[in-house]
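Structure, as structure tokens:
The values are calculated or read from the model by the stated rules, or taken from the named source; none is laboratory data. Note that this is a predicted model, so its numbers are computed, not measured. Note that we place each Cβ from the backbone using ideal geometry, even for glycine, and neighbour counts take in every protein chain shown.
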């Protein structure tokens, strides 16, 4: 009799675990796909904006912003408000750039592709500098040393300000 009860209890537990999973799988399968050929977790709006090209995110995620804000509040409290203003400015500039690009002409797009070598070299120099600062930041966070983090956060803030300046230039060019 005891073995019979153990079998029933085991079966009931297994069914209790398996049934919700099966129901969830069925509800996911029941949802119609907008594009049956491609299964993706990327929202439709994002996938159309990039037309299959490499997706470069100009915006920081909410998590990254919060992380940087918390780090700034903890290690450089005098600059925390400055970090917030830099993030807000960046969002505003990105919004303006998107709006300007939607209204820009085809001629403007052709001019954009005709970069000079000096602009390209300048861009590469900015990228290399950004990589170095990010490596310093990563090493400081990995080590957990307060002094290193306090040293690198102002560098990151200046880098964000420089990115905002370049973004403002792009907005001005796109509006022309």
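When residues in region 59-86 are screened for being more than 21 Å from residue 142 (Cα to Cα) and touching a residue at least 40 places away in the same chain (Cβ under 8 Å), 4 of them pass. Checked against (1) out of contact with any helix residue (DSSP H, G or I) (no Cβ under 9 Å at 6 or more places or on another chain); (2) closer than 24 Å to residue 73 by Cα, residue 146 meets all criteria but (1). Where helices (runs of 4 or more DSSP H) fall wholly inside region 96-176, the ranges with 1 or more residues that are modelled with pLDDT of 90 or more are 117-143, 146-175. Which numbered condition in (1) modelled with pLDDT under 60; (2) surrounded by 11 or more Cβ atoms within 10 Å (Cβ to Cβ); (3) part of a loop (DSSP other than H, G, I, E, B) is the only one that residue 46 fails? Going through (1) modelled with pLDDT under 60; (2) surrounded by 11 or more Cβ atoms within 10 Å (Cβ to Cβ); (3) part of a loop (DSSP other than H, G, I, E, B) one by one, residue 46 breaks only (3).
I'd like to know if region 78-89 contains one or more residues that are at pLDDT 90 or above, assigned to a helix (DSSP H, G or I) and closer than 16 Å to residue 170 by Cβ. Checked region 78-89: at least one residue is at pLDDT 90 or above, assigned to a helix (DSSP H, G or I) and closer than 16 Å to residue 170 by Cβ.
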